[in-house]
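One structure is given below, encoded as structure tokens.
The values are calculated or read from the model by the stated rules, or taken from the named source; none is laboratory data. The structure presented is a predicted model; accordingly, all values stated were derived computationally and were not measured. A quick note on method: Cβ atoms are made from the backbone with ideal geometry, for glycine too, and the neighbour counts reach across all protein chains shown. What goes into the accessible areas is simple: the full protein's heavy atoms, side chains included, and nothing from ligands, DNA or RNA. Shrake-Rupley method; radii C 1.70, N 1.55, O 1.52, S 1.80 Å.
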Amino acid sequence: MRNEMLLTMIGNPVDAPELRFRPTGVPVARFTVASTPRAFDRETNSRRDGEPTFLDRTAWRQLADNVDDPWTTASTVRPATPADDARAVDKAPV
């Protein structure tokens, strides 16, 4: 993990995290974060939304327990992930 570039995305959870337990008892949480950029449009003198980006993530062990407890779709979250592991999807999750 040393000298690894991290990608941090600020956004909102799409749904509540899905918490499961491995057969060994290890908790695993899956979640999707959405982020929509906003830019100022000088022609209309207002802000406009860009295209949203969705990032699917998986958290393990204690982090999975922490993710599952307080998150709602109104929460603002900041997941950080290695840049080469980030997989953004173009569409909203089904």
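Quickly run through the range 49-58 and pick out the residues that are in a strand (DSSP E or B) and exposed (fewer than 11 other Cβ atoms within 10 Å of the Cβ).
Listed by number, the list holds a single entry, 49.
Does residue 38 satisfy the condition of being modelled with pLDDT of 90 or more, open to solvent by 40 Å² or more (accessible area, probe 1.4 Å) and under 20 Å from residue 79 (Cβ atoms)?
no
Provide a single number: the residues in the range 16-35 that are in a loop (DSSP other than H, G, I, E, B) and open to solvent by less than 100 Å² (accessible area, probe 1.4 Å).
4
I need every pair where a residue in the range 2-16 that is more than 14 Å from residue 36 (Cβ to Cβ) has its Cβ under 6 Å from the Cβ of a residue that is open to solvent by less than 60 Å² (accessible area, probe 1.4 Å) and in a loop (DSSP other than H, G, I, E, B), sequence separation at least 6 or different chains.
Final answer for the pair search is 7/86.
Give just the number: which of (1) polar (S, T, N, Q); (2) touching a residue at least 12 places away in the same chain (Cβ under 8 Å); (3) part of a helix (DSSP H, G or I) does residue 66 not satisfy?
So the condition that residue 66 fails would be (2).
Condition test on residue 61, is it in contact with an Asp or Glu (Cβ under 9 Å, 6 or more places away or on another chain), modelled with pLDDT of 65 or more and open to solvent by 50 Å² or more (accessible area, probe 1.4 Å)?
No; evaluated as a whole, the condition is false for this residue.
So residue 9 clears everything in (1) under 22 Å from residue 62 (Cβ atoms); (2) in contact with a helix residue (DSSP H, G or I) (Cβ under 9 Å, 6 or more places away or on another chain); (3) among the aliphatic types (A, V, I, L, M) except one condition, right? Which one?
Of (1) under 22 Å from residue 62 (Cβ atoms); (2) in contact with a helix residue (DSSP H, G or I) (Cβ under 9 Å, 6 or more places away or on another chain); (3) among the aliphatic types (A, V, I, L, M), only one is false for residue 9: (2).
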